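Report on the following structure.
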Amino acid sequence: MLVFLVVKVNAQTNIALQKAFQNSYNEESKKNYAEAISDIMPFYAENNYETNLRIGWLYYLAKNYTASQNYYTRAINVRPNAVEAKFGLIKPLSLSGSWDKVMEQYSNILKLDPQNTQANYWAGIIIYNKKQYATSAKYFAKVVALYPFDYDGNHMLGWALLFSGRKAEAKSCFERALLIKPGDTSSTDGLNRSVK
């Protein structure tokens, strides 16, 4: 009898939680973020991945980046091998200008999923912007290895290689980028520089 009661209570709780999430989605669509958070809060538990992830997202949308970071961090603590919450945390960190922490999250994602193209690309961008071209080229090369006909990967790999002094390799990247996006001014400029 006790097992039956526990199963029944869990099923009722799950139905109520689904309803709370549905209400939260409805409020989010109206940009009523405080209401959307309020719908979830009665079911909030620090050790619940889904509620932390949802509330982190809603605080991000509400532009409360500190609260967003806190909830995303709790979700990461609950499910450390998931990349979803790490990508979520990157959003408020980026808008707060915490680039070292953003890079830390990309590194954490790449430890779990070394082939993740989004993490490789954006880690490459951060490192490229620090003028560490040879290191950034390694990240862009992973993107191009997985997606050889990707404009962004080829374009950025071309620039990273060019600034690393590897003109011949940069030339082929710019040529490929121009096949994807003919007439692109940045790739044309890179191609012209790589043949000088």
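Across segment 143-158, computed HN-Hα scalar couplings (Karplus, 6.51 cos²θ - 1.76 cosθ + 1.60, θ = phi - 60°) run 4, 5, 4, 7, 10, x, 10, 8, 4, 4, x, 5, 4, 6, 4, x Hz from first to last residue, x flagging Gly and Pro.
Taking the 1.4 Å solvent-accessible surface of the chain as the whole, the part contributed by carbon and sulfur is 55%. Over the chain, dividing the summed -39,500 (n - 2.57) contributions of all DSSP H runs of at least 4 residues by the number of residues returns a 222 nm mean residue ellipticity of -25000 deg cm²/dmol. Axis angle, to the nearest 10 degrees, between helix 167-180 and the longest C-alpha principal axis of the chain: 60 degrees. By a 1.4 Å probe calculation restricted to protein chains, Ser38 has an accessible surface near 70 Å², given to the nearest 10. Annotation: lysines with alpha-carbon distance below 20 angstrom to Lys138 (same-chain offsets under eight excluded): Lys111, Lys130, Lys167, Lys171. Measuring only protein heavy atoms, the 1.4 Å probe finds Trp57 accessible over about 80 Å². For the chain, the longest principal axis of the C-alpha atoms and the axis of helix 2-29 are separated by about 50°.
Under the classification rounded if a/c is under 1.5, otherwise prolate if a/b is larger than b/c and oblate if not, where does segment 102-171 fall, given a ≥ b ≥ c as square roots of the Cα gyration tensor eigenvalues? Mind dumping the intermediate values first?
Numbers: a/c = 2.43, a/b = 1.42, b/c = 1.72.
In terms of gyration-tensor shape, oblate.
With respect to the chain, whose longest principal axis is taken over its alpha-carbon atoms, helix 65-78 is tilted by about 80°.
The residues of the chain expose on average 57 square angstrom of accessible surface per residue, using a 1.4 Å probe on protein heavy atoms. Between segment 15-61 and segment 108-185, the C-alpha centres lie 37 angstrom from each other.
Computed over segment 1-159, the P(r) tail beyond 21 angstrom holds 56 percent of alpha carbon pairs. In summary, the aspartates and glutamates within cross-link reach of Lys142, defined as a Cα separation below 20 angstrom excluding same-chain residues under 8 places away, comprise Glu104, Asp113, Asp150, Asp152, Glu169, Glu175.
The values are calculated or read from the model by the stated rules, or taken from the named source; none is laboratory data. Source: prediction; values computed, not measured. SASA here: full protein model, heavy atoms, side chains in, ligands and nucleic acids out. Shrake-Rupley method; radii C 1.70, N 1.55, O 1.52, S 1.80 Å.
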